Protein chains: 4
Amino acid sequence: MQKITILIHCKDQKGIIAAVTNYILKIAGNITYIDQHVDHEQNVFFMRLECELTNVKNTLETIKPDFGQTIAADFGMQWEMYNQEQKPKMALFVSKYDHCLFDILGRYSAEELNVEIPLIISNHNDLRTVAERFDIPFHYVPFTQETKEEGERLQLELLERYQINFIVLARYMQIITPTIINKFTNKIINIHHSFLPAFQGAKPYHAAFKRGVKIIGATSHYVTEELDEGPIIEQDITRVSHIHSVEDFIMKGRDLERIVLARAIKLHAQRKTMVYSNKTVVFS
Amino acid sequence: MQKITILIHCKDQKGIIAAVTNYILKIAGNITYIDQHVDHEQNVFFMRLECELTNVKNTLETIKPDFGQTIAADFGMQWEMYNQEQKPKMALFVSKYDHCLFDILGRYSAEELNVEIPLIISNHNDLRTVAERFDIPFHYVPFTQETKEEGERLQLELLERYQINFIVLARYMQIITPTIINKFTNKIINIHHSFLPAFQGAKPYHAAFKRGVKIIGATSHYVTEELDEGPIIEQDITRVSHIHSVEDFIMKGRDLERIVLARAIKLHAQRKTMVYSNKTVVFS
Amino acid sequence: MQKITILIHCKDQKGIIAAVTNYILKIAGNITYIDQHVDHEQNVFFMRLECELTNVKNTLETIKPDFGQTIAADFGMQWEMYNQEQKPKMALFVSKYDHCLFDILGRYSAEELNVEIPLIISNHNDLRTVAERFDIPFHYVPFTQETKEEGERLQLELLERYQINFIVLARYMQIITPTIINKFTNKIINIHHSFLPAFQGAKPYHAAFKRGVKIIGATSHYVTEELDEGPIIEQDITRVSHIHSVEDFIMKGRDLERIVLARAIKLHAQRKTMVYSNKTVVFS
Amino acid sequence: MQKITILIHCKDQKGIIAAVTNYILKIAGNITYIDQHVDHEQNVFFMRLECELTNVKNTLETIKPDFGQTIAADFGMQWEMYNQEQKPKMALFVSKYDHCLFDILGRYSAEELNVEIPLIISNHNDLRTVAERFDIPFHYVPFTQETKEEGERLQLELLERYQINFIVLARYMQIITPTIINKFTNKIINIHHSFLPAFQGAKPYHAAFKRGVKIIGATSHYVTEELDEGPIIEQDITRVSHIHSVEDFIMKGRDLERIVLARAIKLHAQRKTMVYSNKTVVFS
């Protein structure tokens, strides 16, 4: 028995839910989860559905073309269908900060994440030992401003070789260029150490301290060409007060960064996110 | 054009969503909200649906019997159907504490609550002036342990006279007896000033202080015959520390009580709650 | 027996705490609360102290000059000393939004706020009935862009006549001009309906919705000449998701605005805030 | 220049702060942090102070007897004095759950914790590989109900051999017996996977699920002979709803357990906690 996940979005119309659920009935599917959302402003319908295919004759492979030519075509849907057993392959990009890396690899080892991590890519060698502790191949791809293009070529080669599905920037301190962004649209997750859109850019904890805020935050988002402007996946915050120094902000922020990035990875890996209009629909 | 809300629960079976959404299509309804939940442990299906009846021939009155004899009968559903324009009538029971009362009446005056409040009932006269400030009829129904039955009879008479749909105990310090509970099953909302099930019964802030907790809470729940054991609707918490006295706990708790009770009222008034197995399903 | 509160700030130096606590000992004061903070970056010392004067010969009036000429002079302190029994007088400025006004007046009536509210000033007549319900004098001071100066003159006259100590802008939709700000420096509290510095200016909920944030906030701050740039007193947040419309943001935000403004009023009224470098020290 | 931390508690009396701060002045100490708390109910005074000894002639070793014989004796203080450079030695007790262990060792490697971890003790061999990844000696001390006493003897031997200062039970599923508790009074930190005092004992997530709570929590506390009744150090919570299964509770709880345990370790390691009357004073 196969378990599949379907993600759909299309123009909102009458009868979509009836059509989709009728279809699942027809193929002897057992719906175990269904959720939908309508963006009434933009008139767009979103749906996420999980089902068990109880008839062995029906598999992802046989249903896919059938669903595409019937339901999906009728409603003009954009859609994806996944075998739940197939874990997405995730590449980790890191520089020198180790706290998010330790957290992700700890969760990975504790089997909390529905992913495979075939490789870590870094522009510095500092975190090689961490990767080795967890037996993950570590690829050192250094570059300068001048050789950035060449570095990027090497990165893309690695991503292709390992058949990477999505990328996580675990406090990777470099700007990702359009070449990679375009190949991995809505598939690169970054963690920004502020409550976006407050304190975009560099040194957000210093800026937050200077402004005297009483709450700091962290934001995970998909990377787009506009720096720190991509669709937000998850945010969280923690209280600070006058007694805390910038160093305290940074230390408290590490916990936020860890947790907010880990949640985004889980959501993406379980195919619970959809992007539209530079925003995310995040199914529960 | 009428707007209606439908609440359904029944044994989980294949085809429920398809059947219901097909039905809405048939009557020319436009689904503006749909959410469902399956309790896989108990095998129960829950659904909440909002739709606009675009064909003027279809109204709540005509659809109700039709839906009941067809879909609802087929699946063995328990269900309710509401006209969204009809605000539920809410009775407020109070004693001497005024903070929740002020909050509710302030929100009511600011048109935040989808209810009518035809009366306030109290076993003390203290809060009469508050009721008068907001022009709500105030009924003083005093009783002693000996005359509690008589008091209850008067309360029931008032509830009936004003055609009350649900009751809110806004820090009403009396125990509601089975006679009233049975007439208003899952229709009496209480606010308990602790994070249930911790600190049931009297003086929860004192108990929390004694235990040295770092977080205090408040819980709104439907009243059942077991004291503080009814289905939880909403909870929230706030941080405390060694610097806070019992009086500080009480003062901080007032804000929790206000907000947690207000949220429960809103959810109930918008027919977003369903009760099953002494728990609530709370639709978003 | 008098209870007094002392607020001090000065250049950080050795021996301040010893000197102040020795002084309190000398005048037979019983310290019931003491807290201090050092801003190591700017080298500034802050202290808040509460004490009971157990010797009836010592009162606020006799101690004040003595403390000023000895301890305060020695260390170059800026300081204030308050009789705790003297509640500060607070003016409320409102326009058309009533939710913060209802909340504040409800708390005031429930005796939660350590203030007197001698008057409400508004540029619209809409909320007069709310003021009347709570028996607070309501002063209608309308003005246009052309007559703003005249309006301001009338406002200042009222503030003086009622001996107002501080002003609360309860969703007052007008910009306060430097004339009033300079007379009430760090004594005008505003509530901004966003998590500052994100979404400054008008329509922050709309901007937050457009950006697709997962958390919205509210910020209470002292008013300075730079719009939304004054020292932050308190902030809080609540979660939102793709299912929430702008209207949901606004409704959820009302609860934030109420609570964040109420907390700021309490802190200010209890003389727990000090302003320095466009930031606040908020004592617990 | 030495940096020291002093913790004091004694009966509340006039003049303590003056005496202590005068003493620090006398020995040419520069106070960089001072905080105090009075439990007015029990009439107990608590103080935590950090200072730099600017005169090289004064060190922890010379001051300790002096302070003890003068100030501490005068006021009947219980007190401790620490060299801030000396990191406490922490033993980790684990069983089979790895998520807290990964988190702690990740933080330790990232140099977030002010501790040394000379050893891990476990009654199972499952987590040996995790310990080895981080190069921490792993001691397998198995026992049955019959051989528990012998196991405990071995544990104590190890704790002594490694000069352990405090113990952290990172989801160690065994009950600690009085012998060890008495040797490490207020020096054994446990993480309980509920919002204590709710859901004491085994399977708290299952109990929380059954009760239908809307919030789950985790609690770190010092271990006493009463199970789950020791002084609470830190608590935190997360929201759940009807859509979450017991497995979801457990998974969400892992993040709570990690963070709440890590915070307790940090607080203890920085000597910010004091225990009194089965409660903690937790300095900021």
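Values quoted throughout were computed directly from the atomic coordinates according to the rules given, and no laboratory measurement underlies them. Fair warning: this is a prediction, and the values are worked out from it, not measured in the lab. Cβ coordinates were reconstructed from backbone atoms using ideal geometry, including for glycine residues, and neighbour counts include every protein chain displayed.
Between copies, the label points at B:T177 (set 7 angstrom from Cα along Cα-to-Cβ) are spaced 5.6, 6.7, 8.2 nm, reported in nanometres from shortest to longest.
At an R0 of 60 angstrom, the distance between the Cβ atoms of C:E229 and C:I27 translates into a FRET efficiency of 0.90.
Helix B:99-109 sits at what angle to the longest principal axis of chain B, using alpha carbons and giving 0 to 90 degrees rounded to 10? Its long axis makes an angle of about 40 degrees. DSSP finds beta bridges in the stretch D:89-282, and of those with both partners inside it, around 50 percent are antiparallel.
The angle between the Cα long axis of helix D:148-161 and the longest principal axis of the Cα atoms of chain D comes to about 40 degrees, rounded to the nearest 10.
Compared with the dominant Cα axis of chain B, that is its longest principal axis, helix B:246-269 is turned about 20°. Taking Cα centre as origin and charging only the Cβ of basic (Lys, Arg, +1) and acidic (Asp, Glu, -1) residues, the dipole magnitude of chain A rounds to 440 debye.
When +1 charges are put on Lys and Arg Cβ atoms and -1 charges on Asp and Glu Cβ atoms, the dipole computed for the stretch B:2-83 relative to its Cα centre reaches about 260 debye. Given the stretch A:2-83, report the % of alpha carbon pairs whose separation exceeds 17 Å. Above the 17 Å cut-off, the stretch A:2-83 has 40 percent of its Cα pairs.
Put simply, the protein assembly as shown fits an ellipsoid with semi-axes of 47, 42, 31 Å; these come from the alpha carbon gyration tensor as the roots of five times its eigenvalues, largest first. Between C:H206 and C:Q42, the contour length at 0.36 nm per residue exceeds the Cα-Cα span by 55.2 nm. Under the simplified labelling scheme, the B:T129-C:D74 pair shows an inter-label distance of 5.0 nm, with each label point 7 Å from Cα along Cα→Cβ.
From Cα pairs below 8 angstrom and at least 6 apart in sequence, can you work out the relative contact order of chain C, rounded to a whole percent?
Averaging sequence separation for qualifying contacts and normalising by length gives 15 percent for chain C.
Here the Gaussian network model covers chain A, with springs between Cα atoms less than 10 Å apart; of A:I243, A:I34, A:I188, A:I243 fluctuates the most. Backbone geometry of the stretch B:190-203 corresponds, through the Karplus equation with coefficients 6.51, -1.76 and 1.60 at θ = phi - 60°, to 3J(HN,Hα) couplings of 10, 10, 9, 8, 7, 7, 4, x, 6, 6, 5, x, 7, 6 Hz, x marking Gly and Pro.
Label-point spacing at B:E146 relative to the other copies reads 6.9, 7.6, 10.2 nm, in ascending order, each point sitting 7 Å out from Cα along Cα→Cβ.
Its residue count N sets the reference 2.2 N^0.38 Å, and the alpha-carbon radius of gyration of chain D equals 1.10 times that reference. Reported to the nearest whole Å, the Cα centre-to-centre distance from the stretch C:22-66 to the stretch B:96-145 is 44. Across the cross-link table entries C:K3/C:K57; A:K26/D:K252; A:K214/C:K183; C:K214/D:K252; D:K148/D:K266; B:K214/D:K64, which are compared at the Cα atoms, the separations over 24 Å belong to A:K26/D:K252; A:K214/C:K183; D:K148/D:K266; B:K214/D:K64.
Springs between Cα atoms under 10 Å define the GNM used for chain D, and in it the highest mean-square fluctuation of D:L49, D:L127, D:L227 occurs at D:L227.
If you plug the beta carbon distance of A:E61 and A:K11 into 1/(1 + (r/R0)^6) with R0 = 30 Å, you get a FRET efficiency near 0.60.
In the protein assembly as shown, the DSSP beta bridges split such that about 75 percent are antiparallel, to the nearest 5. GNM on chain C, C-alpha springs below 10 Å: top fluctuator among C:N123, C:N186, C:N83? So, out of C:N123, C:N186, C:N83, the one fluctuating most is C:N83. With the label put 7 angstrom out from Cα along the Cα-to-Cβ vector, B:S277 ends up 3.8, 4.2, 5.6 nm from the copy partners, going from closest to farthest. Amide H contacts for A:D126 (H built 1.01 Å from N in the peptide plane; partners 5 or more residues away or on another chain; cut-off under 5 Å): none found.
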